[in-house]
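Some notes on the structure that comes next.
Each value in this text was obtained by applying a stated rule to the coordinates, not by laboratory testing. Just so you know, these numbers come straight off a predicted model, no measurement behind them. Every residue, glycine among them, receives a Cβ derived from its backbone with ideal geometry; neighbour counts consider all protein chains shown.
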Amino acid sequence: MKKNRLAWRTAALYVLTALLTVTLGTRLAYLQLVQGTQEPEQREDRVTRVYTEIAARGQIYDRNGVQLVSNSLGFVLELDWYGWDRSRQNEVILRLCEVLREAGVEYEDNLPLTPRVPFGYTYESTESAAYRRLRRIVGLEEGDALAPPAELFGLLCDKYGVDEELGIYDKRTVVGMRYYLESCEFSAYNTPVTIAEDADMDTVARLAELSDELPGVTVQVDDIRHYETEYASHVLGRVAAISPEEYAELKDEGYAINDTLGKNGMERALEKWLRGVDGKRAQVVSRSTGELLSEYMIDEPEPGDNCELTLDVGLQEVALRSLERTLNGIRENGARSRDGSGADAEGGAAVVIDIRSGEVLALVSWPTYSLESYRADFAANNEDPLKPFQNRAVASAYPPGSTFKMATAVAALETGTISPSTKIRDLGIYTAYEDYQPRCWIYRQYGRTHGNIDVSDAIKYSCNYFFYDVAHEMGIETLNRYAKALGLGQRTGIELAGERAGNLAGPESRSASGLLWFEGETLSAAIGQSEQQFTPLQLANYVASIVNGGTRYRPHLLRRVTGYLDGETVFENTPEVVEQLNITASTVQAIKRGMRGVVTEDGTASSVFRDFPMEVGGKTGSAQTTADRSAHGVFVSFAPYDDPEIAVCVVGEYAGSGGSMAPVCIDIYDYYFGLGLNAQPEEPAEPTVPAGAAETPVE
């Protein structure tokens with residue numbers, strides 16, 4: 001089947017080449033034999049205009065060939081300087097925008113003022129490109145203050161000669177479009193400016209009827225970007241018109257002022273492959289009448305390459321749906337509970353990574369947003385206190401709570417501070433320091449201790465005392481050397497922009513703020529508290545690095561790149577090893593045993609994994625936030641136990657406990673391994689943990 005498709009594409013390519021050869025040959029003969037014999041005055045009446053022919057953008061697929069981003073032909077509305085009547089441009093703008101509003105077609109307007117009175121500024125900060133652009137167009141010098149919004153609007157009305165008799169909404173419409181055209185450097189020296197995309201046929205027909213009233217408004221057929229899934233918005237990102245600031249940086253790379261550009265996500269990361277090579281189209285028109293006399297291609301556009309991601313979109317959907325359902329259930333159950341824990345749960349994230357390669361199989365952040373209706377929903381999403389645009393999986397950092405204890409265990413075991421069989425007696429209160437004597441959670445909550453306990457059981461029962469003691473023996477420098485090797489507190493290098501480094505607590509990070517690190521603080525850092533802050537992606541990759549024996553891969557989302565027309569492989573990603581820690585087999589087994597204990601018998605997540613048909617490992621983490629908020633819930637896991645394939649991290653903001661996020665992990669395993677459970681309720685039951693095993697926010 002693939003051979004037949006390739007043969008068909010090859011044949012089509014040959015036919016296209018032949019047609020181009022005939023076309024260009026005919027055009028050359030016409031220029032030499034026909035136009036060359038015309039009278040000089042006829043030739044002088046002709047003017048040739050050259051336009052950019054935008055190349056089709058490459059498409060994006062998941063690892064199984066499911067299309068995530070596609071192109072379709074649509075109508076694009078442009079303003080062409082050559083037909084533009086500058087003597088009545090405000091009138092034309094008002095009429096055009098009126099037609100587009102009636103048709104429900106959104107048009108460009110990048111003026112950072114609210115659309116209605118009372119006017120307010122909408123730029124994000126004084127460091128933003130929108131703010132700098134506004135100052136430049138208004139003509140402010142450095143040091144000049146920006147006028148209040150209403151006053152500045154009046155200045156722009158004067159600048160653009162807006163009729164004083166117009167209503168305030170019509171004035172705002174004209175000013176917004178004139179400002180947009182000026183920011184795009186609309187002139188005879190630049191290509192036409194796009195004002196609206198994906199107009200329907202009725203709108204195009206209406207504009208044709210009004211062509212005499214709308215000089216300079218042209219319609220082009222172009223590719224329109226479509227997003228085929230609603231479950232990967234933070235990963236895929238979007239394309240939009242290039243900004244003047246971006247154009248100034250990229251014009252030497254062949255970008256035009258009205259080009260589109262990947263703005264974020266993989267659309268931005270893969271820009272060099274997805275973007276094709278634009279062509280050139282010439283139009284010969286009569287100088288005197290403006291009549292189109294002929295049109296021909298100078299250079300055919302070359303489409304961009306297709307990109308295949310490591311994502312499994314089915315797994316992505318399962319993870320996102322489960323995360324949403326679980327957080328909503330936690331919030332509702334918390335509201336009904338006695339202590340209200342989790343009633344204030346907000347957003348969250350989940351990451352699934354291939355332990356053997358660093359391929360990211362799922363990366364979700366909730367709440368999310370729709371790429372298809374991005375512009376229509378922008379105002380609501382931008383004002384939403386839950387910040388749907390925030391990619392919590394890579395751009396938010398959280399205290400890991402007790403999920404950090406495996407890093408402390410690795411450091412202690414690998415340095416010989418302890419062995420897998422070493423037992424430490426939990427005395428409830430750790431008294432090595434006079435001025436700081438933290439308590440194990442079980443002593444604080446129930447007045448008892450874990451007794452003599454080894455490292456595997458310390459992970460299983462999340463014994464703070466055990467990790468206080470080994471951290472006191474090692475010191476912060478040794479602990480952090482291993483934590484760094486496991487990738488904590490540093491960017492992973494994934495392709496997505498905006499990744500946070502987080503923070504690894506210790507003297508190094510503390511010195512940046514001019515403060516001292518006190519020895520006793522190492523105890524808190526060793527159990528994932530203090531100033532520890534890591535992203536969900538870091539935590540998933542950290543677990544993967546431990547259970548695979550110490551190989552830390554660079555997480556990646558791009559799997560391979562193929563040619564748009566021929567399907568040939570242009571680039572194939574290979575696993576990149578960032579750190580080789582070479583953890584001994586005995587250390588790995590001791591930690592895995594502890595993580596298996598967490599989800600079995602009386603471990604801290606055993607009630608959630610009761611009767612689960614596969615042997616896995618996990619670790620809960622509950623990190624204190626503020627006195628009036630619930631703890632963050634963190635759960636990390638790997639599966640299968642004997643031969644690990646994937647590692648998972650799930651985070652719930654103010655979810656109360658790490659165990660409360662474990663149901664998301666169960667849904668992920670159910671889908672990935674094809675277990676066929678389908679037993680998760682729409683609203684997960686409030687986790688019940690046996691007395692003596694429950695993990696609560698730790699110090």
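Some notes on this structure:
- Computed over Cα pairs, the Kirkwood radius of region 95-150 leads via Stokes-Einstein (0.890 mPa s, 25 °C) to a diffusion coefficient of 187 µm² per second.
- Each of Ile418, Thr408, Val364 was placed along the dipole of region 356-439 (beta-carbon charges, centred on the mean Cα), and the one lying farthest toward the positive end is Ile418.
- Between the C-alpha center of region 68-134 and that of region 430-447 there is a gap of 62 Å.
- Cα gyration tensor shape for region 219-330, rounded if a/c is under 1.5, else prolate or oblate: prolate
- Each Cα pair under 8 Å and six or more residues apart adds its sequence gap; the mean of these over the residue count of region 117-221 is a relative contact order of 17 percent.
- Residues Ile54, Ile527 arranged by fewest to most Cβ contacts within 10 Å: Ile54, Ile527
- Efficiency of FRET between Ser286 and Tyr374 - r from beta-carbon atoms, R0 45 angstrom, step 0.05: 0.60
- Cα gyration tensor shape for region 299-427, rounded if a/c is under 1.5, else prolate or oblate: oblate
- With respect to the chain, whose longest principal axis is taken over its alpha-carbon atoms, helix 129-138 is tilted by about 40°.
- Distant alpha-carbon pairs in the chain (separation over 35 angstrom), percent: 54
- In this structure, the residue pairs whose Cα-Cα separation is over 26 Å, taken from Lys251/Lys280; Lys405/Lys484; Lys171/Lys263; Lys387/Lys484; Lys423/Lys460; Lys251/Lys272, are Lys171/Lys263; Lys387/Lys484.
- Residues Phe404, Phe612 arranged by fewest to most Cβ contacts within 10 Å: Phe612, Phe404
- Shape call, region 380-477: gyration tensor on alpha carbons, a/c limit 1.5: prolate
- Crossing angle, helix 374-383 versus the chain [Cα axis fit, 0-90 degrees, rounded to tens]: 50
- Taking the fewest neighbouring Cβ atoms within 10 Å as the starting point, the ordered list for Phe609, Phe389 is Phe389, Phe609.
- The sum of -39500 (n - 2.57) across all DSSP H runs of n ≥ 4, divided by the residue count of the chain, sets its helix-only mean residue ellipticity at 222 nm to -10500 deg cm²/dmol.
- When the charge dipole of the chain is built from unit charges on Cβ atoms (+1 for Lys and Arg, -1 for Asp and Glu) and taken about the Cα centre, the candidate among Val204, Gly652, Gln437 whose Cα reaches farthest toward its positive end is Gln437.
- Computed about the Cα centre, the dipole magnitude for the chain is approximately 1920 debye when only Lys and Arg (+1) and Asp and Glu (-1) carry charge, each at its Cβ.
- Computed from Cα atoms, the angle from the helix 405-414 axis to the main principal axis of the chain rounds to 70 degrees.
- The alpha carbon centroids of region 540-612 and region 452-510 are separated by 17 Å.
- Dipole of region 70-228, positive direction: furthest Cα of Gln89, Pro118, Thr191, with charges on the beta-carbon: Pro118
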